[in-house]
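**Student:** The structure follows.
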Amino acid sequence: MNAYISVWKLRFLSGLQYRAAALAGLATQLFFGLIFIMVYVAFYQHSTAEPQMTLSQLATYIWLQQIFLSFVMLWFRDNEIFQLITSGNIAYELCRPCGIYSFWYAKLLAQRLSSAILRCLPILLIAFLLPIPYNLSLPPSASSFIPFVLTLLIGLALNVAISMFIYISVFWTMSPVGSTLVIAVTGEFLSGMIIPIPLMSAWLQHFTYVLPFRWTADFPFRVYSGQIPPAEALQGMIIQLLWLAVLIIVGRWCIKRALRQVVVQGG
Amino acid sequence: MYLYLKYVAILFKSQTQYRLSFWLLAIGQALTPLTVFAGLYFMFAQFGQVKGWSFYEAALCYAIVGLSFALAETFARGFDMFSTLVASGDFDRLLVRPRSTVLQVLGSRFEFARLGRMLQSLIILLWSLNKLPLTLTAPKLLTLILMIVCGTLIFAGIFIATASFSFWTIQGLEVANVFTDGGREMAKYPLSIYEKWVAVFFTYIIPLGCVNYLPLLYILGRTDGHEILYMLSPLAGIVFIIPCLLLWKIGVRHYCSTGS
């Protein structure tokens, strides 16, 4: 366990080094957040239909997406791992006295956390100070804030478990391009990153509910704004944990099979 | 020009060497913006219209921006990746050759796999034109082509300007994403739905609105007089790329080599 913690710590600290990149990312995210909300404001203005979420809930949803972008996006990838597999350096990784799944898991988790910590506070602050309807609103009560934190953290763990499959698939395909595209692009759509899930058609909503993706992003964000009451959030948390367990077990099984037939590339 | 075509031909041959990987990449590239388009579709399915714009009109807007962005990415990719040339010191090699640096950087990289993206935008373009109740007269068609070409010029201009800044610093250049990716995201909806300051910025400073929104009004027959002005507004793209090229010239003069 100690080894995993120190891998985690090292990654975390090295992630904090890239401050200029974080600043640039910050500006980009603020701009994107504003533009997205502006589009929704325009849509809501002359809307005759009654959408499932109010505009202030929607703005909050968008800002939370931007603030915790590195928690929820699947695009976040570690090229080092891809190179390990394709260049044959995986052999070194196998010599280490620790499980490869947990090792990579800790690494990926740390990257996401450090990137979020650099970015989240400034965006949080600015988003709170923006004028209505662009601002991030407070959660309606403390009783929805605590479940939000919990669900967000489980969501993060779940997201890392999903992204592990992208890395595992490279053992077979040898090129990360195809699998990242398929898993990341569809996953991002189904977790409500392109348009919020409550604004999708009913049939599509049902479809997203049976897949694990929405539990990483859409669910905690709606717990925050109180659309999902705390009691329901508890039930959701159990489903999240179930998904997490299933994905980790399947992931470990896949990596075991991959390693049994691994070909060390290169000479 | 001859040299440029030669560059293109060589890169095309080298990229199609790995045939399967090339096609997979092209298909994948086409899929990415497809989910964005699906997002657009579901928004209109939910709300019906946005400030008087229908789904097909917005789709036309989206397709034109998508097409010009994909074209710019294919042909000006060398500028997009330019900071790596400066960081490694490889730019020196380009300087000693007796040809213009712009030409050489343009020729240093092409991504033909972006063809997938182009194709996707093209299909949406034709589809939305087909569904919209308008007849495509010769001047309208001409305007449409002008929009795409000048849109490409604007995105290429942003790439060149960003690349020029890498002569001074190669840190934090990701800010340019606000103008490239952000501009693309923004311009996929008609400019009139945004707040005033966004519209002003993207009309007068980065004239994406001039190549997209204003001529679109003319094509859809929404103008009141001054049609010729709306038709010719894409030419702002040409005006935009001139200072970008100037900035490049200044940057090249400032260049100090790195590396060993």
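Each reported figure results from applying straightforward, stated rules to the coordinates on display, with no laboratory input. The shown structure was predicted, so the numbers you read here are calculated from the model rather than taken from an experiment. Don't worry about glycine lacking a Cβ; one is built from the backbone with ideal geometry, like all the others, and counts go over all protein chains shown.
**Student:** Determine ³J(HN,Hα), in whole Hz, for all residues of the range A:125-135 in sequence, where each value follows from phi through the Karplus function 6.51 cos²θ - 1.76 cosθ + 1.60 and θ = phi - 60°; x replaces Gly and Pro.
**Tutor:** Along the range A:125-135, the couplings run 5, 5, 5, 5, 7, 5, x, 4, x, 8, 7 Hz.
**Student:** Next up: Applying the Karplus parametrisation 6.51 cos²θ - 1.76 cosθ + 1.60 with θ = phi - 60° to the phi angles of the range A:84-93, what ³J(HN,Hα) value in whole Hz is obtained for each residue in order, glycine and proline being reported as x?
**Tutor:** These are the phi-based 3J(HN,Hα) values: 3, 6, 7, 8, x, 5, 4, 4, 5, 4 Hz.
**Student:** Roughly how tilted is helix A:142-173, in degrees to the nearest 10 and between 0 and 90, from the longest Cα axis of chain A?
**Tutor:** Rounded to the nearest ten degrees, it is 40.
**Student:** Going by C-beta contacts inside 10 Å, put B:Ser128, A:Ser14 in order with the fewest on the left.
**Tutor:** The order, fewest Cβ neighbours first, is A:Ser14, B:Ser128.
**Student:** Please determine, in degrees from 0 to 90 and to the nearest 10, the orientation of helix A:2-15 with respect to the longest principal axis defined by the Cα atoms of chain A, where the helix direction is its Cα long axis.
**Tutor:** Once rounded, one gets 60 degrees.
**Student:** Averaging over all projection directions, find the projected area of the Cα convex hull of the range B:1-53 and quote it in nm² with one decimal place.
**Tutor:** 6.3
**Student:** A further question follows. Provide, in order from the shortest bin, the percent of all Cα-Cα pairs of the range B:2-254 in each 10 Å bin, continuing until the bin that contains the maximum pair distance.
**Tutor:** Per 10 Å bin, starting at zero, the Cα-Cα P(r) for the range B:2-254 comes out as 7, 29, 34, 22, 8, 1 percent.
**Student:** Still on this model: Just tell me the longest site-free run in chain B, where the sites are chymotrypsin sites (Phe, Trp or Tyr not before Pro) in a DSSP loop having at most 12 other beta-carbon atoms within 10 Å.
**Tutor:** B:19-167
**Student:** Using a cut-off of 23 Å between alpha-carbon atoms, which lysines can reach A:Lys107, once sequence neighbours fewer than 8 places away in the same chain are excluded?
**Tutor:** A:Lys9, A:Lys256
**Student:** Give me the orientation-averaged projected area of the Cα convex hull of the protein assembly as shown, in nm², one decimal.
**Tutor:** If you wrap the Cα atoms of the protein assembly as shown in a convex hull and average its projections, you get 27.1 nm².
**Student:** Between the alpha-carbon centers of the range B:1-54 and the range A:186-241, tell me the distance in whole angstrom.
**Tutor:** 29
**Student:** Can you tell me the equivalent ellipsoid semi-axes for the range B:73-210? Use √(5λ) from the Cα gyration tensor, largest first, whole Å.
**Tutor:** 32, 19, 13
**Student:** Which lysines have a Cα lying under 27 Å from the Cα of B:Lys51, excluding residues fewer than 8 positions away in the same chain?
**Tutor:** Correct list for B:Lys51: B:Lys131, B:Lys140, B:Lys188, B:Lys196.
**Student:** Hey, what angle do you get for helix B:19-47 against the long axis of chain B, alpha-carbon based, 0 to 90 degrees rounded to 10?
**Tutor:** In chain B, helix B:19-47 runs at an angle near 30 degrees to the longest axis.
**Student:** Could you give the distance between the Cα centres of the range B:94-125 and the range A:12-64, to the whole Å?
**Tutor:** 32
**Student:** In 10 Å bins starting at zero, report the fraction of Cα pairs in the range B:174-260 per bin as a rounded %.
**Tutor:** Going from the shortest bin to the longest, the percentages are 15, 38, 27, 13, 5, 2, 0.
**Student:** Oh, and also: Give me a comma-separated list of calculated 3J(HN,Hα) values for the range B:207-218, in order, Karplus coefficients 6.51, -1.76, 1.60 applied at θ = phi - 60°, integers in Hz, x for any Gly or Pro.
**Tutor:** x, 5, x, 6, 8, 10, 6, 4, x, 5, 4, 5
**Student:** Something else about it: Per 5 Å bin, what is the whole-percent P(r) computed from every C-alpha pair distance within the range A:2-260?
**Tutor:** 1, 6, 12, 16, 19, 17, 13, 8, 5, 3, 1, 0, 0
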